[in-house]
Amino acid sequence: MRTFSSITPPKCWVGDQQKVSYTTREEAEAAALVAEHDYGAPRLDVYKCEYGDHWHLSSHTAR
C-alpha cells in the first residue's frame, strides 16, 4: 500500500503573514489558473516579492 505525505510549499514572510513562494512568474501564473479553475478562486494576480527572489499570488489588483 502506498502512502502519500503532504507537501508543504515554501513560504516567506510578507508583512505579518506567510505567503506561498513560487520560483518563477510562470509557476505562479500556473498556480493562479489552477486555483481559479479547480477551486473556484477569484482571479489572482502575481507579483515579485520585495523580500526575496520569488513570486506570490494576490487577490488584490495593482492600482
Filtering region 1-15 down to residues that are modelled with pLDDT under 90 and either in a helix (DSSP H, G or I) or open to solvent by 90 Å² or more (accessible area, probe 1.4 Å) (or both) yields M1, R2, T3, F4, S5, S6, I7, T8, W13
Looking at region 41-56, is at least one residue in contact with a Cys (Cβ under 9 Å, 6 or more places away or on another chain) and part of a strand (DSSP E or B)?
-> yes
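The values are calculated or read from the model by the stated rules, or taken from the named source; none is laboratory data. As the structure is a prediction and not an experimental result, all values here were calculated from the model. Note that we place each Cβ from the backbone using ideal geometry, even for glycine, and neighbour counts take in every protein chain shown. Areas reflect the complete protein model, heavy atoms only, side chains present, ligands, DNA and RNA absent. Shrake-Rupley method; radii C 1.70, N 1.55, O 1.52, S 1.80 Å.
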